[in-house]
């Protein structure tokens, strides 16, 4: 039941009729981790599924939750909260954002998927000095500040 409601919600959010398109506006998927709002480029997202427990990989970094079987495809699931703050307890409920990286699919566990919004380039503050370029910058939406995460960088760090 939850899966179908997410699918309906996702198709509504992904519809081009709901978001104005422009060259200077990036469509951003907004999600919450540890009470903070984060976002990533919607083009990096393949699918959103309800959270499911992953099989832990021995010797993997703490932010790698493990592997899940998604319709016959083995997917590595990363915990974004643990990646950003190693002292944070692992995510045990929420959603998994599936991102395509070449021919591989990787899941990113988050507390809550919120919405898709257009963020214009003029409302993005570049984040200089990030040692691993995981955080692209800060986006400003009306009264909220969104931390923009580069999903491809996160996935590359794990796959290499």
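Taken as a whole, the condition of being surrounded by fewer than 16 Cβ atoms within 10 Å (Cβ to Cβ), out of contact with any helix residue (DSSP H, G or I) (no Cβ under 7 Å at 6 or more places or on another chain), under 19 Å from residue 150 (Cβ atoms) and at pLDDT below 90 does not apply to residue 20. Of all the listed residues (91, 119, 96, 135), the sole one being touching a strand residue (DSSP E or B) at 6+ places or on another chain (Cβ under 8 Å), closer than 18 Å to residue 42 by Cα and at pLDDT 85 or above is 96.
Taken together, the residues in region 81-106 that are in contact with a helix residue (DSSP H, G or I) (Cβ under 9 Å, 6 or more places away or on another chain), within 16 Å of residue 151 (Cα to Cα) and surrounded by 18 or more Cβ atoms within 10 Å (Cβ to Cβ) amount to 5. Any residue at all in region 146-153 that's at pLDDT 90 or above, touching a helix residue (DSSP H, G or I) at 6+ places or on another chain (Cβ under 8 Å), crowded, with 19+ Cβ neighbours inside 10 Å and in a strand (DSSP E or B)? For region 146-153, residues at pLDDT 90 or above, touching a helix residue (DSSP H, G or I) at 6+ places or on another chain (Cβ under 8 Å), crowded, with 19+ Cβ neighbours inside 10 Å and in a strand (DSSP E or B): absent. What tally of residues in region 48-61 results from selecting those that are surrounded by 11 or more Cβ atoms within 10 Å (Cβ to Cβ) and either closer than 22 Å to residue 112 by Cβ or in contact with a helix residue (DSSP H, G or I) (Cβ under 7 Å, 6 or more places away or on another chain) (or both)? Adding up the residues that qualify gives 6.
For region 35-73, the set of residues classified as within 16 Å of the chain's Cα centre (by Cα) and part of a loop (DSSP other than H, G, I, E, B) consists of 35, 51, 52, 63, listed by residue number. On the stretch given as region 62-80, residues that are exposed (fewer than 14 other Cβ atoms within 10 Å of the Cβ) and in contact (Cβ under 8 Å) with a residue 24 or more places away in the chain total 2.
The values are calculated or read from the model by the stated rules, or taken from the named source; none is laboratory data. Keep in mind that what you see is a predicted model, and the values were worked out from it rather than measured. No Cβ is skipped: glycine too gets one built from the backbone with ideal geometry, and neighbour counts run over all protein chains shown.
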